[in-house]
Amino acid sequence: MADGNNTDKDAENVIRIMVATDNHLGYCEKDAVRGEDSFIAFEEILQMAVDEDVDMILLGGDLFHDAVPSQNAFHKCIELLRRYTFGDKPVSLEILSDQSSSFHNAVNQSVNYEDPNLNIAIPVFSIHGNHDDPSGFGRLSSLDLLSTTGLVNYFGRWTDLTKVEISPILIRKGESKLGLYGLSHIHDARLARLFKDFQVVINGPNEVDEEWFHLMVIHQNRADRGPKNYIPEEALPSFLHLVIWGHEHDCRIDPELNVLRDFYVSQPGSSVATSLSEGEAKRKHVGILEIYKTKFHLTPLPLKTVRPFVFDSVILTDWADRLNLGDGDASTKVYNFAKERVEAMIEQARQSLTGHPKQPLEPLIRLRLLYTEESHMFNTIRFSQMFVTRVANPSDVVKFERLVKRIKSDKISVDKEAMQRAMEVDNTTRVEQLVDNYFEEAKAKNPLKLMHSKALAEITYRLVDHKDNNAADNIFKYYNERAVEHLMETLPDDENIDEELSKFRHRYSADDILKALDTSGPSRNVSTSLTSSTLKIENNADLTESNIRGGARGRGARGRGRGRATASGATTTSRPTDTSSRISDKQQTLLGAVNSGRSAKVMSYVISDDDSD
């Protein structure tokens, strides 16, 4: 567990480590304004390591921004490493494990400070990330070159993508013993599959009776970007004490406890902004990690040479009344609003300057405007040019993004008690029976408002037994069409739509619904499988607005033209009557949907007020 009293321990027994990730050396190096940002920040990190008298530097991947860095970027990296990590200071770390299998492409197959031809004062240990991974002929990484020159101890590289075996570098300093585990970047989908197939083996020290501190550094997606596009923390073994997580650029350096695995995770973030996103605008830090036996303390150190970056996001609809966007030239009003906002952001950036002589003065500014009306937009390139001498990114100060209105939906929550009762029902041996039983048990708390439980059970049956991948689409489409027809017959007021949908559900029982579906095989077209005379589509009925207003219960063919479909498929047209002033907005939407063949879209709009299904 974390402990804040390590500074009081004997210095000879405390391992002090400078922790940093994602330096991205060479990012925007050809930019006249931002070209030196990554190198300035990296030099500050090395200078802090010297000032803090650390035992080693631990990097979490993406030392370079490009897999094949330019000669300029590689030269500056070598120069900085030689200047700050070489010297006569003795290194007090003793390597206990087999070094030949730990350090990749090391000339002497050992840690660099044991090379008699090199004077290393602060050894640098690093894994590779997704930006500086092995590539090209020979599958070499830029870290392989730094390892061969003796500047970096490159570890954690995989050699077999069918099975990953990770053995620790065992390090001792006085009474403290450290097991350092490294996992260089592997494509997230591949690594997730390896974890799933139990093909990732992480070996612990053999001396189980001794006190070891287990530290792992990893470079993968931490944020959930899909089931196969990130590595959950729970996939890592529970014997770890601390995980240094690279790749994610937003700074979350304070250790966070994973309660399921009982270890801590620290995410230092990047030392240079490589995108104008909200996460990059957080204050950049590195950390001093102190380890004494099985306890640790991590001290965040803010970087003072990082270029100021201010990010702001505005939803224009929230400002519509205050800016009076409904009247006059909305684009000009938004333009003036954005100008005032950017001026305030520049002032905010000026106040955040640290006073460090090497800190760049021109800030990065990004104002994101979320809009729903294109009339609110203006030329962002022309707008940004007025700040060309005051910001570091004059071409993209403002960015417009369309605000997508999502249909309100409650989070799906499973009634665990109902599920337990459903599983205890006798003779429940099939999946569709379990689905039907569950919704019957749960209807008291979470009743279905539109569909029947037997319909959902039918979907399950077709998917499992008949491998009918279209089962859900077909049955949902059927419900869509029937519900829209019912609403078109009644044309309820806005406040009565929920009530009419409830009537629809009671009007057609589950048995009626299933009888109306063709169950002869897994491949069927629901729209043409109706056998019940009460539910079949009357193809010869008129669908004009005038007939609907007059109470006609017609159902018509799909298509862009208004009219009616004959038995032969020919379409006859009739002149519509304007009734827009007599029906509500929702009724007009329903009417237009049936006439234009957009019933599925209307259904999602109608049930947005009753979204439990």
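Observations, loosely collected:
- Residue under evaluation ALA392, criteria (1) in a loop (DSSP other than H, G, I, E, B); (2) open to solvent by 30 Å² or more (accessible area, probe 1.4 Å); (3) not aromatic (Phe, Trp, Tyr), criterion not met: (2)
- When SER313, SER395 are checked against the criterion of being more than 30 Å from PHE263 (Cβ to Cβ) and under 26 Å from the mean Cα position of the chain (by Cα), a single residue qualifies: SER313.
- Matching residues, segment 203-229, being open to solvent by 30 Å² or more (accessible area, probe 1.4 Å) and either in a strand (DSSP E or B) or acidic (Asp, Glu) (or both): GLU207, ASP209, GLU210, GLU211, ASP224
- Of all residues making up segment 319-330, the number that are modelled with pLDDT of 90 or more and either within 26 Å of the chain's Cα centre (by Cα) or of a type in the set (Gly, Ala, Ser) (or both): 2
- Flag for TYR438 being buried (at least 17 other Cβ atoms within 10 Å of the Cβ), in contact with a Ser or Thr (Cβ under 9 Å, 6 or more places away or on another chain), aromatic (Phe, Trp, Tyr) and at pLDDT 75 or above: no
- Single residue of segment 80-119 satisfying the filter (among the aromatic types (Phe, Trp, Tyr) and touching a residue at least 40 places away in the same chain (Cβ under 8 Å)) that is nearest to VAL50 (Cα to Cα): TYR84
- Looking across segment 181-202, the residues that are among the β-branched types (Val, Ile, Thr) and surrounded by 15 or more Cβ atoms within 10 Å (Cβ to Cβ) come down to ILE186, VAL200, ILE202.
- Residue within segment 362-382 that is buried (at least 19 other Cβ atoms within 10 Å of the Cβ), within 32 Å of the chain's Cα centre (by Cα), in a helix (DSSP H, G or I) and not hydrophobic (A, V, I, L, M, F, W, C) present: yes
- The residue of segment 299-330 that is farthest from ARG34 (Cα to Cα), among those that are open to solvent by less than 50 Å² (accessible area, probe 1.4 Å) and in a loop (DSSP other than H, G, I, E, B), is LEU325.
- Reported count of residues in segment 74-94, each being open to solvent by 70 Å² or more (accessible area, probe 1.4 Å) and among the polar types (S, T, N, Q), is 0.
- For segment 129-141, the condition of being over 20 Å from GLY60 (Cα atoms), open to solvent by 60 Å² or more (accessible area, probe 1.4 Å) and in contact with a strand residue (DSSP E or B) (Cβ under 7 Å, 6 or more places away or on another chain) holds for none of the residues.
- Selection within segment 96-120 - touching a strand residue (DSSP E or B) at 6+ places or on another chain (Cβ under 6 Å) and hydrophobic (A, V, I, L, M, F, W, C): LEU96, PHE103, VAL111
- Screening SER413 against (1) under 30 Å from ALA273 (Cα atoms); (2) among the polar types (S, T, N, Q); (3) modelled with pLDDT under 70 leaves a single unmet condition, (1).
- Candidates are the residues of segment 233-285 that are of a type in the set (Ser, Thr, Tyr) and not in a loop (DSSP other than H, G, I, E, B); the one that is farthest from ASP37 (Cα to Cα) is TYR264.
- Filtering segment 1-21 for residues that are under 26 Å from LEU276 (Cβ atoms) and acidic (Asp, Glu) leaves an empty set.
- Boolean, ILE288 is surrounded by 23 or more Cβ atoms within 10 Å (Cβ to Cβ) and either among the charged types (D, E, K, R) or within 23 Å of PHE125 (Cβ to Cβ) (or both): no
- Residue in segment 465-474 that is within 30 Å of ILE365 (Cβ to Cβ), open to solvent by 30 Å² or more (accessible area, probe 1.4 Å), modelled with pLDDT of 75 or more and in contact with a helix residue (DSSP H, G or I) (Cβ under 9 Å, 6 or more places away or on another chain) present: no
- Unique residue being of a type in the set (Lys, Arg) and under 30 Å from THR21 (Cβ atoms) when the list is LYS304, LYS333: LYS304
- Checklist (1) in contact with a His (Cβ under 8 Å, 6 or more places away or on another chain); (2) at pLDDT below 90 applied to LEU369, failing item: (2)
- Scanning segment 98-112 for residues that are surrounded by fewer than 22 Cβ atoms within 10 Å (Cβ to Cβ) and either of a type in the set (Asp, Glu) or not in a loop (DSSP other than H, G, I, E, B) (or both) returns ASP98, GLN99, SER100, SER101.
- Residue within segment 124-140 that is in contact (Cβ under 8 Å) with a residue 12 or more places away in the chain, under 24 Å from LEU260 (Cα atoms) and outside any loop (DSSP other than H, G, I, E, B) present: no
- Hits in segment 14-49 - residues which are under 17 Å from VAL286 (Cβ atoms) and either surrounded by fewer than 18 Cβ atoms within 10 Å (Cβ to Cβ) or polar (S, T, N, Q) (or both): THR21, ASN23, SER38, GLN47
The values are calculated or read from the model by the stated rules, or taken from the named source; none is laboratory data. Since this is a predicted model, take the numbers as computed values, not measurements. Positions of Cβ are backbone-derived with ideal geometry, glycine not excepted, and every protein chain shown enters the neighbour counts. When the accessible area is computed, the model is the full protein with side chains, heavy atoms only, and any ligands, DNA or RNA have been set aside. Shrake-Rupley method; radii C 1.70, N 1.55, O 1.52, S 1.80 Å.
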